[in-house]
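Asker: This structure is in structure tokens; I'll ask about it shortly.
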Amino acid sequence: PHAIHLKDYQPPEFLIDRVELHFDLDPDRTSVESRLELRRNPAATRGDGSLRLHGEQLELETVEIDGNPLTGSEYVLDPESLTLHRVPDRFSLLTRVRIHPSLNTALEGLYQSGDMLCTQCEAEGFRRITYFLDRPDVMARYTTTLVADRARFPVLLSNGNLIEECRLEDGRHLARWEDPFPKPSYLFALIAGDLRAIEDRFTTASGRAVDLKIFVEPHNLDKCDHAMRSLKKAMRWDEERFGREYDLDVFMIVAVSHFNMGAMENKGLNVFNDKYVLARPDTATDADFDGIESVIAHEYFHNWTGNRITCRDWFQLSLKEGFTVYRDQEFSADVGSRGVKRIADVRLLRAHQFAEDAGPMAHPVRPDSYIEINNFYTATVYQKGAEVVRMQANLLGPDAFRQATDLYFERHDGQAVTTEDFVRCMEDASGRDLSQFRRWYAQAGTPELTMQGDYDPAAGVYRLSVRQFTPPTPGQPEKRPFHVPLAIGLLGDDGEDLPLRLEGDSQAPAAGTRVLELKAEEETFRFVGLDSRPVPSLLRGFPAPVKLRFDYGDRDLLFLMAHDSDGFNRWDAAQTLMQRLLLALVRDPDHGVLDAFFDAFREALLDAEGDRALLAEVLTLPSEGYLADQMDLVDVDGIHRARAGLERAIGGRLRADLLAVYRANAAEGCGYVFTPEEVGRRAIRNLALHYLMQSPDDETLGLCREQFAAGDNMTDVMAALRLLADHGGAEGAEALECFYRRWSRESLVVDKWFAVQASSPREDALEQVQRLLSHPDFSLRNPNRVRSLVGVFSVANQVRFHAADGGGYRFLADRILELDPLNPQIASRLLKSMIRWRRFDRTRQALMCDELRRILDAEELSKDVYEVASKALE
Ligand code: HT7
Ligand code: ZN
């Protein structure tokens, strides 16, 4: 396999103005006829004049140019393309191919999911449907005709508006769809199935009516209300916050059970992993409700950031993904709790993106090269990309940022553009110079900011020196300094914010947060007019995707945890304190835990005024994975022992308080509602139960059993089931059995049942996971099921996956080798949990390397898995 480089980008030699597709649909044998209106691209640098169309796994039947059939000697066919030599400057091309959806296990192109047919074309799936210029800078208008058996596939959908429907002979029927907006091929979609829809209507700000439809299999019709509410909220929010209206007469969502990722923003016809659509209080947790709200919003927001304005090439993926994640994060912050949302986003960024940046697959937000683009739908492109947009929004301020996005939408509507075009809009609208800022797109790695504070009582000056350093990443041994926004506060003895007056300021600013800009490798900021040594609150709200090194004393952290006016930094101080304590316990299991720690924990726990969701975040210990990332040499067992030990100690020392919190936060009548307050109440109550169950007695076990049995919402049921399963014994087995019996017909709930067992720290977890592979409900062909068993075991069960005998690694490698021929995208994603082998001890290193080599030695490895495995061993 060879790499593709950004520097080699060339505009397409041909453009396609119109596409007419005719599908004769059958799961076993579908015929696709395509008519393309092609013309030479005046902006192209001339090649050899031939037209090379992408196409994979297609059985070609006919090729005609302007109505004249070509013979086999007039074109060249290889497994990846169809090349036509000597074509006119403008012509019509007809091809007819056959494809086999029921054999398509990779879930790219047209495939069968349960009883329906559906498509996934991003990034390069359209070439598995027909011969085409399958690249995002070729934008065309599509008309799509679908013909299928009417009884089996009564619903036939594609992009745009329905323009014709009729019955045909032999029980077949036809639907014709027309999409008035030019689009790249990756946004094409079709659906055929026996589906039902819930319908609603939305009136846009300018008064246009839009029909909203969510299509699901008939038995899921009662699980769509939350998705529909979320969609309407997102549509209104995008009008208010970004001035973006929807542009077609209908917006459709379809839920499918076999899907490689979360969802897909096809124009007017979003296709979703059903996990991000279906929810009823008794089947879905608060986290599921939350996920649905943000993924529905994310895909809807793509209509402008991705569809109306798309990417010139796949190196620009973050242009649409980073910006759209930023938009969905802001949406969730506005409709939920802003502080809690920020914490959740930063947790995710630190856990996944920082880890990626520190490993062999590290790459810039705008990568320079790839072997398989599917490997670059990463935390760096998505989450760090969103942070890069957020920094620009904060540097410009709300008004200028809105002007800049308005300019972007106006200037580039209908175009395929680059991240450079985006930044230029930021500059043009604001007058700011972002030349150094652009390095955030080009340089990989997480900058480390080392800060030092120094107070001079005689002068009343606090000097804050800041040094930035970014470690080398593959292909980038040296980094230049970034332009980093810093949001800083200073706290006085009473815990109140002080005014931050920099030397040279003519006026004293109001007390609060001040945004400074670091551009050099090293800079010192001098704050004047301070009567006593302040406690600095650094990087408030996490203004940049960086790591902070500051030598806080424990007392300062406790002080910040109690007093910082910035909720994010109160949480971060608690995390730093807990992390420090846990790492000390890893090094020395006899390291004591100060009473002050339990006192602070108790004080936060009993804070009746506070936001309970925020409190639950503050009182949750850093994960084992995150702690591992803080160690040069990971001590898997030490981390597990220390963290479990501290949880037990909290459960034991604070038993009475935890019980009181559990009882005080019982539900009050009126059943399940998904509001920030109720989500917070359930979160703190289940966290209290979690700590109590770390050293369970009859009373707490009884509470847990009761909560499991009461079972009126899945959030509480799952919390109790997890605790009972981890507790084990007859109680655990019974609960798992009872849960399965109750929910065996709800596939998404069965996923939870697999996941609970895969993530259990119990010593026999791997054996249990092995047994579950033969469970009749397990299938390698369903990505959600694979993720819930194999993915969860390798990502969320650090102590058992990294067992010193290498059983976990062997298990994962076996699954990857089985999966690769079926679904390379999923196989390659699973592999990512083994690529950072260098952080472990020699024994584990050798075991992981052996498995990586075994994978690389396999015959006919996909590009997806080859790229990840080979980079891991480089
Ligand atoms: N834009 C979508 C990406 C996506 C995808 C990419 C590759 C293979 C399968 C896929 N399914 C969806 C999803 C999004 O970010 O909105
Ligand atoms: Zn997206």
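The values are calculated or read from the model by the stated rules, or taken from the named source; none is laboratory data. All of these numbers come straight from a predicted model, not from anything done at the bench. Every residue, glycine as well, gets a Cβ built from its backbone with ideal geometry; the counts of neighbours run over all protein chains shown.
Asker: Identify, from the list Asp334, Asp286, the residue that is away from ligand 1 (no atom under 15 Å from the Cβ) and buried (at least 22 other Cβ atoms within 10 Å of the Cβ).
Answerer: Numbers: Asp334 fails: buried (at least 22 other Cβ atoms within 10 Å of the Cβ).
None of the others qualify; the one that does is Asp286.
Asker: Could you grab the pairs with beta carbons closer than 8 Å, sequence gap of 6+ or different chains, first residue in the range 290-302 and closer than 11 Å to Phe331 by Cβ, second one β-branched (Val, Ile, Thr) and more than 12 Å from ligand 2 (Cβ to nearest atom)?
Answerer: Here the result reads Glu293/Val335; Ile296/Ile253; Ile296/Val277, each pair linking the range 290-302 to a residue that is β-branched (Val, Ile, Thr) and more than 12 Å from ligand 2 (Cβ to nearest atom).
Asker: One residue is enough: does the range 291-301 have a residue meeting the conditions over 13 Å from the mean Cα position of the chain (by Cα) and away from ligand 1 (no atom under 15 Å from the Cβ)?
Answerer: no
Asker: Next question, about the same structure. I need the helices (runs of 4 or more DSSP H) fully contained in the range 785-873, keeping only those with at least 3 residues that are among the small types (Gly, Ala, Ser) and closer than 24 Å to Phe376 by Cβ. Lay out the reasoning, then the answer.
Answerer: On the way: elements: 792-796, 798-801, 807-819, 824-831, 842-856, 863-873.
Per the criteria, 863-873.
Asker: Further question on the same structure: Looking at the range 221-272 only, could you name the residues that are away from ligand 2 (no atom under 16 Å from the Cβ) and under 29 Å from Asp399 (Cβ atoms)?
Answerer: Lys232, Lys233, Met235, Arg236, Trp237, Glu239, Glu240, Arg241, Gly243, Glu245, Tyr246, Asp247
Asker: In the range 308-323, what residues are touching a helix residue (DSSP H, G or I) at 6+ places or on another chain (Cβ under 6 Å) and not β-branched (Val, Ile, Thr)? Can you show your working first?
Answerer: Keep residues of the range 308-323 that are touching a helix residue (DSSP H, G or I) at 6+ places or on another chain (Cβ under 6 Å), which gives 309, 311, 314-319, 321-323.
Selection gives Cys311, Trp314, Phe315, Gln316, Leu317, Ser318, Leu319, Glu321, Gly322, Phe323.
Asker: Can you list the helices (runs of 4 or more DSSP H) lying wholly within the range 282-357 that have 2 or more residues being small (Gly, Ala, Ser) and away from ligand 2 (no atom under 12 Å from the Cβ)? Write out each step before concluding.
Answerer: On the way: elements: 286-301, 317-335, 338-348, 354-357.
Counting at least 2 such residues, we get 286-301, 317-335, 338-348.
Asker: Any idea which of Ala666, Ala628, Ala709 is surrounded by fewer than 16 Cβ atoms within 10 Å (Cβ to Cβ) and either assigned to a loop (DSSP other than H, G, I, E, B) or in contact (Cβ under 8 Å) with a residue 60 or more places away in the chain (or both)? It would help to see each step written out before you state the result.
Answerer: On the way: Ala628 fails: surrounded by fewer than 16 Cβ atoms within 10 Å (Cβ to Cβ); Ala709 fails: either assigned to a loop (DSSP other than H, G, I, E, B) or in contact (Cβ under 8 Å) with a residue 60 or more places away in the chain (or both).
Unique residue meeting the criteria: Ala666.
Asker: Oh, and also: For Asp590, state whether it is touching a residue at least 60 places away in the same chain (Cβ under 8 Å), over 29 Å from Thr675 (Cα atoms) and assigned to a loop (DSSP other than H, G, I, E, B).
Answerer: On the way: touching a residue at least 60 places away in the same chain (Cβ under 8 Å): no; over 29 Å from Thr675 (Cα atoms): yes; assigned to a loop (DSSP other than H, G, I, E, B): yes.
So Asp590 fails the test.
Asker: Let me ask something additional. If you scan the range 65-86, which residues turn out to be more than 43 Å from the chain's Cα centre (by Cα) and surrounded by 13 or more Cβ atoms within 10 Å (Cβ to Cβ)? Reasoning before the result, please.
Answerer: Residues of the range 65-86 more than 43 Å from the chain's Cα centre (by Cα): 65-74, 86.
Hits for the range 65-86 are Ile65, Leu70, Glu74.
Asker: Residues being farther than 20 Å from Leu491 by Cα and surrounded by fewer than 17 Cβ atoms within 10 Å (Cβ to Cβ): count how many of those fall in the range 524-546. Write out each step before concluding.
Answerer: Residues of the range 524-546 that are farther than 20 Å from Leu491 by Cα, as a first pass: 544-546.
Then drop every residue that is not surrounded by fewer than 17 Cβ atoms within 10 Å (Cβ to Cβ), which leaves none.
Selection size over the range 524-546: 0.
Asker: Does any residue of the range 382-392 turn out to be more than 16 Å from ligand 2 (Cβ to nearest atom), among the polar types (S, T, N, Q), surrounded by 21 or more Cβ atoms within 10 Å (Cβ to Cβ) and at pLDDT 95 or above?
Answerer: Yes, the range 382-392 contains at least one residue that is more than 16 Å from ligand 2 (Cβ to nearest atom), among the polar types (S, T, N, Q), surrounded by 21 or more Cβ atoms within 10 Å (Cβ to Cβ) and at pLDDT 95 or above.
Asker: So is Val365 in a loop (DSSP other than H, G, I, E, B), of a type in the set (A, V, I, L, M) and more than 12 Å from ligand 2 (Cβ to nearest atom) or not?
Answerer: Working: in a loop (DSSP other than H, G, I, E, B): yes; of a type in the set (A, V, I, L, M): yes; more than 12 Å from ligand 2 (Cβ to nearest atom): yes.
Yes, satisfied.
Asker: Let me ask another. Just to be sure I understand the filter: pairs with C-beta atoms under 8 Å, separated by 6 or more residues or on different chains, first member in the range 260-274 and more than 18 Å from Val250 (Cα to Cα) and modelled with pLDDT under 95, second member within 9 Å of ligand 2 (Cβ to nearest atom) and not in a loop (DSSP other than H, G, I, E, B). Which pairs pass?
Answerer: Matching pairs, first to second residue: none at all.
Asker: Additional query: Does Arg46 fit the bill of being at positive phi and modelled with pLDDT under 95? Reasoning before the result, please.
Answerer: Details: at positive phi: no; modelled with pLDDT under 95: yes.
Here the answer is no, as Arg46 does not meet what is asked.
Asker: Taking Thr378 and the conditions (1) hydroxyl-bearing (Ser, Thr, Tyr); (2) closer than 20 Å to Ile309 by Cα; (3) surrounded by 22 or more Cβ atoms within 10 Å (Cβ to Cβ), which numbered condition does it fall short on, given that it satisfies the others?
Answerer: (2)
Asker: Then there is this: When you go through Val381, Val423, Val389 one by one, which is the residue that is away from ligand 1 (no atom under 16 Å from the Cβ) and within 25 Å of Met139 (Cβ to Cβ)?
Answerer: On the way: Val381 fails: away from ligand 1 (no atom under 16 Å from the Cβ); Val389 fails: away from ligand 1 (no atom under 16 Å from the Cβ).
Exactly one of Val381, Val423, Val389 is away from ligand 1 (no atom under 16 Å from the Cβ) and within 25 Å of Met139 (Cβ to Cβ), namely Val423.
Asker: Would you check which residues across the range 240-283 are closer than 20 Å to Ser788 by Cβ, within 16 Å of ligand 1 (Cβ to nearest atom) and not aliphatic (A, V, I, L, M) and list them?
Answerer: Correct list: Ser257, His258, Phe259, Asn260, Gly262, Phe272, Asn273, Asp274, Lys275, Tyr276.
Asker: How about the range 105-174: which strands (runs of 3 or more DSSP E) wholly inside it have at least 1 residues that are free of Cβ contacts under 8 Å to residues at least 40 places away in the same chain, touching a Phe, Trp or Tyr at 6+ places or on another chain (Cβ under 8 Å) and of a type outside the set (Phe, Trp, Tyr)?
Answerer: Values: elements: 109-113, 116-120, 140-149, 155-158, 161-167.
Passing ranges, in order: 161-167.
Asker: How about the range 504-513: which of its residues are modelled with pLDDT under 95 and not small (Gly, Ala, Ser)?
Answerer: Matches in the range 504-513: Asp505, Gln507, Pro509.
Asker: Condition first: surrounded by 19 or more Cβ atoms within 10 Å (Cβ to Cβ) and outside any helix (DSSP H, G or I). Can you find one or more residues in the range 674-683 that meet it?
Answerer: Yes, the range 674-683 contains at least one residue that is surrounded by 19 or more Cβ atoms within 10 Å (Cβ to Cβ) and outside any helix (DSSP H, G or I).
Asker: Given the condition over 21 Å from the mean Cα position of the chain (by Cα) and in contact (Cβ under 8 Å) with a residue 24 or more places away in the chain, answer yes or no: does some residue in the range 371-383 qualify?
Answerer: First, the residues of the range 371-383 that are over 21 Å from the mean Cα position of the chain (by Cα): 371.
Retained after the next criterion (residues that are in contact (Cβ under 8 Å) with a residue 24 or more places away in the chain): 371.
The answer is yes, given that some residue of the range 371-383 is over 21 Å from the mean Cα position of the chain (by Cα) and in contact (Cβ under 8 Å) with a residue 24 or more places away in the chain.
Asker: Now, a different point. So which of Glu448, Glu356 is at pLDDT 95 or above, buried (at least 16 other Cβ atoms within 10 Å of the Cβ), away from ligand 1 (no atom under 16 Å from the Cβ) and over 28 Å from Ile16 (Cα atoms)?
Answerer: Details: Glu448 fails: buried (at least 16 other Cβ atoms within 10 Å of the Cβ).
Among Glu448, Glu356, only Glu356 is at pLDDT 95 or above, buried (at least 16 other Cβ atoms within 10 Å of the Cβ), away from ligand 1 (no atom under 16 Å from the Cβ) and over 28 Å from Ile16 (Cα atoms).
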